[in-house]
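Heads up: the structure comes next, in structure tokens.
Read-outs throughout are calculated quantities, based only on the coordinates presented, and are distinct from any laboratory measurement. Note that the structure is a prediction, hence the values are computed from the model and not measured. Positions of Cβ are generated from backbone atoms using ideal geometry, with glycine treated the same way; all protein chains shown enter the neighbour counts.
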Amino acid sequence: MAEFTTAGSTRRHPAWSVLVAWDTVVIVGVVLVAVIGSATIDGVADPRFWRFVTLDVIPIALIALPMTLIVITGEIDLSVASVLGLSATVMGKLYEAGVTALPVLIAVCLLLGAVLGALNGIFITVFGLPSLAVTIGTLALYRGLSFVVLGDKAVADYPIAWTSGMIRAIHGLTIPWFILVVAGLAVAFCVLVYLTPIGRGLYAMGNSVDAATFAGINVARTKFWLFVVSGTVAALAGVFWTLRFASARADNGSGLELSVVAAVLLGGVSIFGGRGGPIGVLAAVVLLGVLNNALQLAYVPANTLTIVTGALLIASVVGPNLVAIARQRWRRRRRPGAPPPAAATAPPPAAVAAAPPVAGG
Amino acid sequence: MSATTAAPATSAVQRLFVVRELGIGLALVLLVVVTTLVNPRFLSAQNVKDLLLGATILAIMAVGQAVVIITRNVDLSVGSVLGLTTFATGTTFLHHPGLPIAAVFVIGVALGALCGAVNGALIASVRVPALVVTLGTLYMFRGFDYTWAASSQINAADMPPAFLRLGSGAVFGVPVLALVAVVVVVAAGAYLRTYASGRELYAVGSNPDAARLSGIPVGRRVFWAFVTSGALAGLAGVLYAARFGTVDANAGLGSELNVVAAAVVGGVAIFGGSGSVYGAVLGAVLLTVIGAALPVLGVSPFWEKAAVGLLILSAIGLDRALAARLAGRLTVRRARG
Amino acid sequence: MRIGTKRLRTVALAGLAALALATSACASDTTTTPTPSGSAGSGTIKAGLKVTFLPKQVNNPYFNTSDNGGKAAVAEFKGVYSETGPSDASASAQVSYINTLSQQHTDVIAISADDKDAVCPALNEARQAGAKVVTYDADTNPSCRDLFINQATTDGIAKNQIKLISAAVGPDGGKIAILSATANATNQNAWIAAMKTELAKPENSKLQLVDTVYGNDDDQTSFQQAQALLAKYPDLKGIISPTTVGVAAAARYLSGSTYKGKVALTGLGTPNQMRAYIKDGTVKSFALWNPADLGYLAAYAGAALASGLITGKTGDTFTAGKLGKFTVGDGATVLLGDPFTFDASNIDQFQF
């Protein structure tokens, strides 16, 4: 990852206050888009719209939760969509082979996801390889294995009970029941991040690995388990995906990792680690889903949507950075004798930590 | 590696480079030998020409990517830049058929450089992480490409035959496109090795803060690294149009991961500071040969992606192992004084 | 460029259908009058129908042509046309667009499906919301659409392809191979099976099919597969590639190789892509259908459904503007016409 220090090192402000600021912005954004959309675009106020939005964002929200934690610790997992695909194809293959008990299929998929995540974890924590490169490799490997498992075929003859059951609405509403699963996971992750020492430890790991180690956190073990969780959740998303679309194919979820990363970044999580949280990310997931669907409904062409997504992503990081640089300059002007900004104070720990790895490249 | 390491360490580092690239070269040779044993026609003049042609575009983009990765960044927008410049090439020929081919090359490279400059400016001046910026520009450039192209398609018949001959022609049996790639990689390799600003890229990648403190204009170096990557992707786009003839807005879709894979497999460490463009080109050739060898070996092409993934993982594992050994040797040497 | 073979088959089947309809229309009216259950499309199409085309992938020149054909038809019957769809040809992305269309209360959805099953639940939901669903080029599961506009029959395509390769290879015959799209594309496999039946006939005894390889509708893969075929069978005399991506890639390979002129090539290709190779002699002839006609027919069929003129039952007839009258066949399928053969004499007349 680029080592340019930015205001990402949150020394002047406690981490949580910066969090709240950006989270609020995103949540306000969602509300604004929803309100303006309902007023101006025909169909946004309709419950069916929200049902479709929910169905679309469920896999992204699922995967974004552990991804948030991983990015907070300064790592990244780009293999999630391939885990989703492999889990979908394995489910399809097993079903084809005669395994028709749904709990068994789900259990096998979750276990597979955990194993795939563990593999990532081993490469990253035991062998010390950079997570970007490792997960690019496993992205290709796992997706390739999906093609080996199922080739070009699609397994699509699942029982109606399963497929319609997966997307059935909560009694009395139009929102699918699966959102409760997502909500439950979201609550669990939020509690973990905001209220437990483990959560604080994640931020510490993201800011400075050495400081975290000295504070007694087992960095390697924590990261390992984060990747295992990421793989398991991605596999769960694979099960949802397969049954929602009633089709298991090797290219299921292809490219989804970019949507997840976009949502995580838009949600205020710094790619350097140490900043951001699940609330902002979930809001960002919803924002992107609502925006996409609402603009589609408003007959905005797909090409424009692509440009808007890209622009939003860039704005989501350029914005806070510009604000931080402006703030630094303003602060420096106010106190002429003040020490130079973050850049000079961050290097010593980074340089010390970087010296052996420098040779490692 | 920074230029301040002692002479024995420098030669050790250089030896590391050579070993790493030799490793790829060896893997390549092994693969070719095995495939030729299975089917001798794999090494026929026609097939070799095809392999070289197939690797060229990937190789040129991998050189640009290597330059960026050496500075501890990544450029995910190269696929979209290729699509944009390929379509620009086709459209230019369509609407201005009298334009000399050299002019179209300049236009393509300039457009690519412009895209790279956008990336570089955002990353260097506003200090935004490259992963995010290039992810955003991946979407934006592709969106512009789609909007501009609006589903139209440029066909081989719309382009001057001389241009298309570039795409499939050969000089003494070596495809013209491959020669272009050779020129590019030799130029890039020479620049990185002999010019101070080239060597400084390695310093920037090894330790940006130390580089900045020692007076290297990090922002400027990074900016030009991205301009280079964009320009080379632009060049690749022009050559793509020459090779394929028929282009539409989807050219290059999804190719960025292959380009990064080629660089990583070729020994360019994702954490910056080491690797060479020669390795990146070897990585590109290896990936292409795998794609061509699998059908000949009778292996289902479905294994190709998995094979690429395994290659990437072995490559970075090998890099780490070699680097650890080197670090150990350096530390021992330093301790000995 | 990804031009699905399913699309071509649809065009071909629809073409044959039109032919079948035309011949049935010319036949005497005692035996071939529609049964009472089939309604003759004698009413007029409602004005202001919202017709949306949802191809496998936008930014695809092939679909651009077919959808523009639909656009022309919609203008003729004074409907409201729009085209939308995913940038990548993925099933899940199409579902999102279908959901949007059903919320927009579209009257007719003309869709070329990326995956025949994944889009079904969404399509059925759209039909419940009042939309009529017409598939063109690539069909879905029959249970979730009202009509399928098909290009031509499997046999028609197979006969055409064997005839073309036989003419190109010459009277001495020899080894031929097939470069297909994906291994499980239903249309491809149906055509290949029909071609094998055709090859078994005594007049084709000199042709010997040695291999079938798959290019996955990907340009690079198809190119490499063509390469591999010639490496494996140096005495190969001909290649059939019934997919526009495959035939263009194979032509490009042959044209730049030592096999140009020695190995015959035919298949289903688009005139624009193949023009250069016809002119330089790599390919003598190839076939396809007019995708614009396919889109045109799909629009009219959908409009007829939405206006209540037909219900999609076997025997229903309707008029599709300048293409004439069509009858719905078994399986709620409408056939367009016969495959059309392109060669040096007519290649310049077409622009798609």
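Within straight-line reach of C:LYS78, meaning a Cα separation under 18 Å, sit the following lysines at least 8 residues removed in sequence or on another chain: C:LYS46, C:LYS50, C:LYS132, C:LYS322.
In whole angstrom, how far apart do the alpha carbon centroids of region A:56-102 and region C:256-287 sit? Spelled out, the Cα-based centre of one part sits 44 Å from the other. B:GLY116 sits among other residues whose Cβ lies under 15 Å from its own Cβ, and their net charge, with Lys and Arg +1 and Asp and Glu -1, is 0.
Comparing C:GLN128, C:GLN208, C:GLN188 in a Gaussian network model of chain C where C-alpha atoms under 10 Å apart are linked, the largest mean-square fluctuation is found at C:GLN128. Rounded to the nearest 20 debye, the dipole size of region A:172-284 about its Cα centre is 120 debye, using +1 on the Cβ of Lys and Arg and -1 on the Cβ of Asp and Glu.
Find which of A:LEU94, A:GLY276, A:VAL80 sits farthest along the positive direction of the dipole of chain A, computed with +1 on the beta-carbon of Lys and Arg, -1 on that of Asp and Glu, about the Cα centre. Toward the positive end, the furthest listed residue is A:GLY276. Spin-label model, C:TYR233/A:ILE122: points 7 Å from Cα along the beta carbon direction are separated by 4.4 nm. Protection proxy ranking, highest mean first, for peptides C:101-107, C:242-248, A:109-115: C:242-248, C:101-107, A:109-115, where packing is the per-residue count of other beta-carbon atoms within 10 Å, averaged.
Ordered by the count of other Cβ atoms within 10 Å of each Cβ, fewest first, A:VAL181, A:VAL33, B:VAL218 give A:VAL181, A:VAL33, B:VAL218. For chain C, the share of alpha carbon pairs falling in successive 20 Å distance bins from zero is 32, 54, 14, 0 percent. Here each label is just a point 7 Å from Cα along the line to Cβ, and for A:VAL187 and A:THR304 those points are 4.1 nm apart. Classification of region B:20-68 by its C-alpha gyration tensor yields an oblate form. The axis ratio a/c (a ≥ b ≥ c) is 1.5 or more, and b/c is at least a/b.
Charge tally around C:GLN208: other residues with Cβ under 10 Å, Lys/Arg +1 each, Asp/Glu -1 each, net +3. Which one, B:ALA293, C:ILE157, A:THR125, is farthest towards the positive end of the dipole of the protein assembly as shown when Lys and Arg carry +1 and Asp and Glu -1 on their Cβ? Farthest along the dipole direction, towards plus: A:THR125. Largest first, the three principal axis extents of the alpha carbons in chain A are 71, 53, 37 Å in whole numbers.
Charge dipole of the protein assembly as shown (Cα centre as origin; +1 on each Lys and Arg Cβ, -1 on each Asp and Glu Cβ, all else neutral): 3100 debye, rounded to the nearest 20.
Which one of A:ALA235, C:VAL328, A:PHE245 is farthest out on the positive end of the charge dipole of the protein assembly as shown, using unit charges on Cβ (Lys, Arg +1; Asp, Glu -1) and the Cα centre as origin? It is A:ALA235.
The angle separating the long axis of helix A:197-207 from the principal Cα axis of greatest extent in chain A is about 60 degrees. A simple spin-label model places the labels of B:THR331 and A:THR196 3.4 nm from each other, with each point 7 Å out along Cα-to-Cβ. Cβ-to-Cβ counts within 10 Å put C:ASP146, C:ASP172, C:ASP88, B:ASP319 in ascending order as C:ASP172, C:ASP88, C:ASP146, B:ASP319, the fewest first. Pairs of alpha carbons in region C:154-288 separated by more than 28 Å make up 6% of all such pairs. Could you tell me which of the pairs C:LYS56/C:LYS237; C:LYS56/C:LYS260; C:LYS196/C:LYS260; A:LYS93/C:LYS116; C:LYS116/C:LYS201; C:LYS163/C:LYS279 are separated by over 28 angstrom between their Cα atoms in the structure shown? The answer is C:LYS56/C:LYS237; C:LYS56/C:LYS260; C:LYS116/C:LYS201.
Neighbouring Cβ atoms from other chains, within 10 Å of the Cβ of residues in B:289-295, number 4 on average. Take the Cβ atoms of B:VAL186 and A:ALA39, set R0 to 60 Å, and the FRET efficiency comes out at 0.45.
What angle, in degrees between 0 and 90 and rounded to the nearest 10, separates the Cα long axis of helix B:130-149 from the longest principal axis of the Cα atoms of chain B? Taking Cα atoms only, the helix is inclined about 10 degrees. Counting other Cβ atoms within 10 Å as a rough exposure proxy, the listed residues A:SER38, B:SER274, C:SER257 run A:SER38, C:SER257, B:SER274 from fewest neighbours to most. In summary, the lysines within cross-link reach of B:LYS305, defined as a Cα separation below 18 angstrom excluding same-chain residues under 8 places away, comprise A:LYS153. Here the dipole of region B:7-331 is about 780 debye; that uses its Cα centre as origin and unit charges on the Cβ of Lys and Arg (positive) and Asp and Glu (negative). Relative to the longest principal axis of the Cα atoms of chain C, the long axis of helix C:154-169 makes an angle of roughly 30 degrees.
All Cα-Cα distances of the protein assembly as shown, cut into 20 Å bins from zero to the largest, leave 13, 43, 34, 9, 1, 0 percent in each bin in turn. Setting aside same-chain residues fewer than 8 positions from A:LYS223, which aspartates and glutamates have a Cα under 18 Å from its Cα? A:LYS223 reaches A:GLU75, A:ASP77, A:ASP210.
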